[in-house]
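Just below is one structure, and these are the notes that go with it.
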Amino acid sequence: MKEVEIYSIGDELLRGVVQDTNSHWMAKRVTARGASLTRVFVLPDDPELVGHELARSLDRGPALILTQGGLGPTDDDRTREAIAIGTRHPLETNRRAEEIVARRYSELAAAGYVADATLHEARLRMTRLPRGARAMDNQIGAAPGVILDLERTTIVALPGVPPELQWIWENPLAAELDRVLGPGGFAEITVTLDLRDESAIAEILRGVQSRHPNVYVKSRARTFEAGDEIRATLTAAGPSDDDARLLVEAAFADLGNELEGIGVQVIE
């Protein structure tokens, strides 16, 4: 199974100013491709620190490293610099990135969203990418996405603004993800149990998990109050959605039999 790591970069994340919803959004889609998300880092806008951590990740050799945040025009947007440090690929002006930034500011100026389309220094920051990187279009914001293929690992840098990240993911990045991770397949079954004591099914869940190692089995409790029943989720990845569905259904049938044996009902 191919491994993936996520870097969420920004002082605002560590200070609680912004909630990191992007990692959650990407995690579901990485899993849906049959890959294994092994680490999620939240790091400050410190290129030396981030670069050091990236270098350590590259030593581990995951198939894909995803970064989000720090691609804009301001002084604290330093993810491109961090990637340059971590990979030893120095920053240089990227012609494709320059085309994207110039076009986007012309469009934004024509729509009245910015005063003019001048490529001043702040905007030119977004055109300097690590040597060998490719720029990906961004039709929601202005900062290009970045993709850099290394010997064992592909690094993808995405903007931190969720609509921008999602548009790039679903458009220019989609074919790259097929190439790096494969299309994969994913299936999930989530049910509610007529039970409020999670400890009562701990051994059952452990047994189902051991008998179905390719299925992730997780219970989710809330409180002991009436109406707060436990939910159980089973997920699996495979070469296709059908393959993943077969894995999940087999595990769910096993779980159902075990629950029936102790008198616990699935209520939805």
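Quick check on the stretch 28-45. Is at least one of its residues in contact with a strand residue (DSSP E or B) (Cβ under 9 Å, 6 or more places away or on another chain) and on the phi > 0 side of the Ramachandran plot?
Checked against the condition, which is being in contact with a strand residue (DSSP E or B) (Cβ under 9 Å, 6 or more places away or on another chain) and on the phi > 0 side of the Ramachandran plot, the stretch 28-45 yields at least one hit.
Consider the stretch 63-72. How many of its residues are closer than 19 Å to Val17 by Cβ and either outside the structural domain of Pro130 (by TED's automatic domain parsing) or more than 13 Å from the chain's Cα centre (by Cα) (or both)?
Within the stretch 63-72, residues that are closer than 19 Å to Val17 by Cβ and either outside the structural domain of Pro130 (by TED's automatic domain parsing) or more than 13 Å from the chain's Cα centre (by Cα) (or both) number 3.
I need every pair where a residue in the stretch 1-19 that is within 21 Å of Val146 (Cα to Cα) has its Cβ under 6 Å from the Cβ of a residue that is of a type in the set (Lys, Arg), sequence separation at least 6 or different chains.
Sorted first by the residue in the stretch 1-19, then by its partner, the pairs are Glu5/Arg39.
Considering every residue within the stretch 26-37, establish whether at least one is out of contact with any Asp or Glu (no Cβ under 7 Å at 6 or more places or on another chain) and in a strand (DSSP E or B).
Checked the stretch 26-37: at least one residue is out of contact with any Asp or Glu (no Cβ under 7 Å at 6 or more places or on another chain) and in a strand (DSSP E or B).
Under 23 Å from Ile155 (Cβ atoms), in the same structural domain as Asp11 (by TED's automatic domain parsing) and in contact with a strand residue (DSSP E or B) (Cβ under 6 Å, 6 or more places away or on another chain): is that true of Ala97 in this structure?
Values: under 23 Å from Ile155 (Cβ atoms): yes; in the same structural domain as Asp11 (by TED's automatic domain parsing): yes; in contact with a strand residue (DSSP E or B) (Cβ under 6 Å, 6 or more places away or on another chain): yes.
Yes.
What about Leu173, is it more than 18 Å from Ile9 (Cα to Cα) and touching a residue at least 40 places away in the same chain (Cβ under 8 Å)? Let's see the steps before the verdict.
On the way: more than 18 Å from Ile9 (Cα to Cα): yes; touching a residue at least 40 places away in the same chain (Cβ under 8 Å): no.
No: the conditions fail for Leu173.
Looking at the stretch 247-268, is at least one residue among the small types (Gly, Ala, Ser), at pLDDT below 90, buried (at least 19 other Cβ atoms within 10 Å of the Cβ) and closer than 27 Å to Pro183 by Cβ? Spell out the reasoning first.
The initial filter retains those residues of the stretch 247-268 that are among the small types (Gly, Ala, Ser), namely 250-251, 253, 256, 261, 263.
Those left that are additionally at pLDDT below 90: none.
For the stretch 247-268, residues among the small types (Gly, Ala, Ser), at pLDDT below 90, buried (at least 19 other Cβ atoms within 10 Å of the Cβ) and closer than 27 Å to Pro183 by Cβ: absent.
Return a yes/no flag: does the stretch 33-43 have any residue that is at pLDDT 95 or above, within 15 Å of Arg152 (Cβ to Cβ) and not aliphatic (A, V, I, L, M).
yes
Return the residue satisfying two criteria in turn: it lies in the stretch 160-186 and is in contact with a Gly (Cβ under 6 Å, 6 or more places away or on another chain) and not aliphatic (A, V, I, L, M), and of such residues it is surrounded by the fewest Cβ atoms within 10 Å (Cβ to Cβ).
Gly185
On the given criteria, is Thr192 assigned to a strand (DSSP E or B) and more than 22 Å from Met1 (Cα to Cα)?
Working: assigned to a strand (DSSP E or B): yes; more than 22 Å from Met1 (Cα to Cα): yes.
Yes, satisfied.
More than 18 Å from the chain's Cα centre (by Cα) and under 20 Å from Asp45 (Cα atoms): is that true of Ile85 in this structure?
Working: more than 18 Å from the chain's Cα centre (by Cα): yes; under 20 Å from Asp45 (Cα atoms): yes.
Yes; evaluated as a whole, the condition is true for this residue.
The values are calculated or read from the model by the stated rules, or taken from the named source; none is laboratory data. Predicted model only: the values in this text are computed from it and were never measured. Cβ atoms come from the backbone with ideal geometry, glycine included; neighbour counts cover every protein chain shown.
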